Number of protein chains: 2
Amino acid sequence: MNGKIGINQRMNKSNGRRQVKISSLGGFAQVNRNMYCYEYGNDIVLVDCGIGFPTEEMLGVDLLIPDISYLKDKQQNIRGMVLTHGHEDHIGGLPYILPKLPNFPVYGARLTNALAKEKLKEYNINRKLIEIDGDSEIRLGEFTLRFARVSHSIPDTMHIMLETPVGTVYHGADYKFDFTPVDGIQPQLSAIAAEGDRGIKLLLSDCLGSERRGATPSEITLNKMFDRELADCKGKFVVTTMSSSISRLQQAIDASIRHGRKVVLSGRSLEKNVRVAMELGYLNIDKEHIVDLKRSQRMKDHHLTYLVEGSQGQEGSALYRIAVGDHHHISVKPGDKVLFSTDYIPGSELAIHQAIDNLYQRGVDVVYREVADGLHVSGHGGQEDMKLLINLTDPEYFYPIGGQYKHIEHYKKIVEKMGYAGDTVMIPGGRQVVMDEQGVRLGDMVSVRNVMVDGLGVGDVGNVVLRDRQMLAEDGIVVAIIQIDSETKQLVDEPDIISRGLVYTKSGDGLMPEAKKTLYKALDKQKSLKDWHLIKKIATNQLQRFFMKKLERQPMILPVVMEV
Amino acid sequence: MNGKIGINQRMNKSNGRRQVKISSLGGFAQVNRNMYCYEYGNDIVLVDCGIGFPTEEMLGVDLLIPDISYLKDKQQNIRGMVLTHGHEDHIGGLPYILPKLPNFPVYGARLTNALAKEKLKEYNINRKLIEIDGDSEIRLGEFTLRFARVSHSIPDTMHIMLETPVGTVYHGADYKFDFTPVDGIQPQLSAIAAEGDRGIKLLLSDCLGSERRGATPSEITLNKMFDRELADCKGKFVVTTMSSSISRLQQAIDASIRHGRKVVLSGRSLEKNVRVAMELGYLNIDKEHIVDLKRSQRMKDHHLTYLVEGSQGQEGSALYRIAVGDHHHISVKPGDKVLFSTDYIPGSELAIHQAIDNLYQRGVDVVYREVADGLHVSGHGGQEDMKLLINLTDPEYFYPIGGQYKHIEHYKKIVEKMGYAGDTVMIPGGRQVVMDEQGVRLGDMVSVRNVMVDGLGVGDVGNVVLRDRQMLAEDGIVVAIIQIDSETKQLVDEPDIISRGLVYTKSGDGLMPEAKKTLYKALDKQKSLKDWHLIKKIATNQLQRFFMKKLERQPMILPVVMEV
């Protein structure tokens, strides 16, 4: 590897600036937090600006956003930003990131822009978004951008072809190919093929579905499923799915109408998505078929379908509240049916199954992945979809994106099976991918931190704060208040000890006086208590040892020394 | 429901004590923490004594144990305890529970007792365990117990038939029926059938697999899988499975020997299980095929299979350490293969997939559920296994155990499909199940708390402690130290404010002085600061409001008032 870098550095020099540098500002081997920076000379084009989700250790953190520190000294070079589609992990970071960068044009397809505008409005940000479609061509500095509409779980999903003086890059964010789509709009394969004929040097391809054999089935296959599940439902019919799955909502609504049911919506972002999609004509529903929660309460159960948010069992979501019997307007009972038309996002399994179990406890019939087939199709292509894109683009190099290491490795296997050399697949780790006339290779490291959003704070929760929260979560805290006489430098009294989250106070009744005594003895041994640093060290050590021995617990020890 | 209870109460009186009362001391609709109490007159028989696992909200809690407070006033009635098999969720509670109860005989099959003995030894508890097998018959007070060997993922798993003066109960804990078992030992269907012929009034049946159609495939089907996966492995072959799956270990070892490999073990409880199973002859391996970690390091990779603990990706386990490159003796590299022959325990999915991804990052080939079929078979029966047990026992009443609500409801559907009335299925919630000559019905509530074990403490972590830990985990803590002049009852100085886990100190630089000032102003407004309760209330309110406004965070506020 070291040898290679040596060569790269020489090449860098000889080529001067005639190269495209691609940096992922959301990190590497990430499914979410998508943001890519394309750089050629003094021109920068950004693609997407999404949020990511905190891992288990990131206690109390709401979300993650891309790290734009790489752009610090070159903000003036940004010629524009393009949004591939309207999912949170591609547009959710806009309200946090846009205000920190200079003004530049932002491009997206119609629905994408409408959803991005809604998001910005929530944060009182007013920004003009420029509409593109599959026939658009835009020039941003030395970049010429063309587009191809692809299939995904939200309409108006675009792939981007970035033509540069040293070759063309195909930016294939989230996609699949659905030739019988619910909205009838076909993916634009000929546009991709034409670009492939002109020559594509580097293919960035969504690789999230690379573990799955075959092609992802068409959304249309779900029509029959909805009919089947509605046919034997005697009470309320409740459907939960990802709020942004517009075509899934269309199908659930159409099927409900076929079965003589009106539709009720519950969930903030679901309602927002439906409103926006109806306004723009992406959801094709007669308004009379939608009834509000209040009106629905005067209607018969078997005349109603409820579309509710919370397919991942998220605490506080509409579905969660229905499951625990805490929804103000929707209560379920025997005879009703709840359908989970969704993937399980890794890490949500426990919450989903808890929701399912709570629903069963109410006597409701639940239909979910483990007991019925074909309730959901993925928004991401399987192995055959990926092969199709590779065939059409026939690139010289590959850069799998939007997946973890396992997805990347499975993508690489597909590429190799199709006859390309394995070393044409870039696995950049945290490096840039550099393209010039000679070819594509890895460049410098780009440092990407976890920029965490917690409440109003952006980036003010770091590793120290997280470590503290983990420690506090595990065994609580012990505060020891040690008063020193300012003249004699001796203890005024026994120290005070307060604990939270350590032990049930009654059980700890005898414990705290003993802890006090232990600490008092240790401090009293000292001749003089002038050195606060030393006092704190003694207190921490003594109390750590004490609680370890007594409880095998390691609370955070917070000694407070005061001179009085 | 109410009407029914009325009738029940009348029946209770008329029948006096001629009834069996069954209480679940590990709670209801639980997969783990198995412990059942059978009571007839002055005789009590206990079945199993397992641990449960804390839910996500139980921060810092190690495990849960059954709540034996129901036994408080009747400990002297306990005639004995029977262990159905050697899994943690059936025997893991012994070291916590046995010392709290009087001495009584404990029964179990050979391997079960050996594993229970190991567990007790760790806690320095010496207790005689009495061996039973499929032909045993024991009398415990008015109970006569017979047994039937069934299949499960650990050998020596038993079902129990409890004959009483008012009818026979069949206690069918975890089971499946494997007619081509790895160890050749058949489940004792004829013993079950004979008991069924004599008449079984109530069937307690494991229902965990009730979502799955068909019968659970035989363990033997995995032989071919191991051969297939070994055939193309050029480097180390690493297998992870549940440490107690003795037959799986036998198969992995046999297949490895067939492919000219020696076997290395890594993981404390895996090594313990293998040692015990080999000593008792449950694992049939020539010792020369097992090599220790040190010797293995002088051997060629393709001559070695590693059996490692950590199939759920548990932090600190052997597999976890291999995946993050932190195992002292086992390092993996391209050419090696890691096989997950395991179920994903709900809630472990994220950890398992993180381990898989870390392994891919090391260039290793990983074989897991999402990319290959038939890597694992469940230890629990599917719908057809359950039907078979129902056919053989032909009970009057049913009581599905060992599953959540969803499993119970699916079990009920099976029962109804077989022609039994739905109301013969007891779903006790937290109630007792009561059997007398007339039939079976629900009885009184039995209160079962979550008894949590944290370090050395048993039951000293309650809801208050957990709530505190959750609050601390979310947004940390702010300690405010308020000094009051003991004579003037006025503030001595500005309060001191210390925070942990709230905000990165540098970002918070301006924040804490501002918080101090806010608090000082609010307290200084008071004429006199005599009332400590009031001072604390003001401090808490002020600081809560302050941090909500500034950060949208809600740290725990801990005001400390001192007179000086």
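Any read-out appearing in this document is the output of simple, stated calculations on the displayed coordinates, not a laboratory observation. Computed from a predicted model, the values in this text were never measured in an experiment. Positions of Cβ are backbone-derived with ideal geometry, glycine not excepted, and every protein chain shown enters the neighbour counts.
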Averaging sequence separations of C-alpha pairs under 8 Å and six or more residues apart, then dividing by the length of the range A:427-564, give the relative contact order as a whole percent. 26
Can you give me the relative contact order of the range A:100-223 as a percent, contacts being Cα pairs under 8 Å and 6 or more apart? 19
Cα axis of helix B:189-198 to longest principal axis of chain B: angle in degrees, 0 to 90, nearest 10? 90
Roughly how tilted is helix B:532-551, in degrees to the nearest 10 and between 0 and 90, from the longest Cα axis of chain B? 80
Determine the distance separating the Cα centre of the range A:86-157 from the Cα centre of the range B:415-478; give it in Å without decimals. 50
What percent does the relative contact order of chain B come to when contacts are Cα pairs within less than 8 Å and at least six residues apart? 15
Considering only Cα-Cα distances, which of the following residue pairs are longer than 26 Å: B:K119/B:K262; A:K413/B:K294; A:K406/B:K234; A:K119/A:K387; A:K287/A:K337? B:K119/B:K262; A:K413/B:K294; A:K119/A:K387
Report the antiparallel proportion of the DSSP beta bridges in chain A as a percent, rounded to a multiple of 5. 50
Could you tally the net charge around B:K234, taking each other residue with its Cβ under 13 Å from the Cβ of B:K234, Lys/Arg +1 and Asp/Glu -1? 0
At 7 angstrom along the Cα-to-beta-carbon line, where would the label on B:Q554 sit relative to the other copies? Give the distances in nm, shortest first. 3.0
When we measure straight from the Cα of A:K21, which aspartates and glutamates land under 15 angstrom away, once same-chain ones fewer than 8 places off are left out? A:E39, A:D43, A:E142, A:E163, A:D436, A:E437, A:D444
For each of B:Y38, A:Y175, count neighbouring Cβ atoms within 10 Å of the residue's Cβ, then give the residues from fewest to most. B:Y38, A:Y175
Residue among A:V492, A:V453, B:V433 farthest towards the positive dipole end of the protein assembly as shown, charges placed on Cβ: A:V492
Once the convex hull of the C-alpha atoms of the range B:476-563 is built, how many Å³ does it hold per residue, rounded to a whole number? 75
Expressed in µm² per second, the diffusion coefficient of chain A from the Stokes-Einstein equation, with Rh the Kirkwood radius over alpha carbon pairs, at 10 °C and 1.306 mPa s, is 59
Between the alpha carbon centres of the range B:34-63 and the range B:356-414 the gap in Å comes to 22
Using the Cα centre of chain B as the reference point, and only Cβ charges (+1 on K/R, -1 on D/E), how large is the resulting charge dipole? Debye, rounded to the nearest 20. 760
Among B:G501, B:A148, B:L442, whose Cα lies farthest out toward the positive end of the dipole of the protein assembly as shown, if unit charges sit on the beta carbon of Lys, Arg (+1) and Asp, Glu (-1)? B:G501
The range A:476-563 - share of DSSP beta bridges that are antiparallel (%, nearest 5): 45
If each part is reduced to its alpha-carbon centroid, the range B:484-531 and the range A:512-557 end up apart, in Å, by 26
Please list, in chain and number order, the residues 5+ apart from B:V560 or on another chain whose amide H is under 5 Å from its amide H, with Hs placed from the backbone. B:A480, B:I481, B:I482
Taking neighbour Cβ counts within 10 Å as the exposure measure, how do A:T505, A:T240, A:T157 sort from fewest upward? A:T505, A:T157, A:T240
Mind checking which lysines have their C-alpha under 27 Å from A:K537, skipping anything on the same chain fewer than 8 residues away? A:K489, A:K516, A:K517, A:K521, A:K525, A:K527, A:K549, A:K550, B:K506, B:K516
For A:K236, the aspartates and glutamates lying under 12 Å Cα to Cα, once residues fewer than eight places off in the same chain are dropped, come out as A:D301, A:D336, A:D365
Relative to the other copies, what are the label-point distances for B:G439, with labels 7 Å from Cα along the C-beta vector, expressed in nm at one decimal and sorted shortest first? 8.0
Can you give the helix-only mean residue ellipticity at 222 nm for the protein assembly as shown, where every DSSP H stretch with n ≥ 4 adds -39500 (n - 2.57) and the sum goes over all residues, rounded to the nearest 500 deg cm²/dmol? -9500 deg cm²/dmol
Inter-site label distance for A:F179 and B:K121 at 7 Å from Cα along Cβ, in nm: 6.5
Measure nothing fancy, just the Cα-based angle from helix B:511-524's long axis to the longest principal axis of chain B, in degrees from 0 to 90, nearest 10. 60
With one decimal in nm and the nearest listed first, the spacings from A:D73 to its own position in the other copies, using label points 7 Å along Cα-to-Cβ, are 8.1
Fewest-first sequence of A:K72, B:K201 by Cβ atoms within 10 Å of each Cβ: A:K72, B:K201
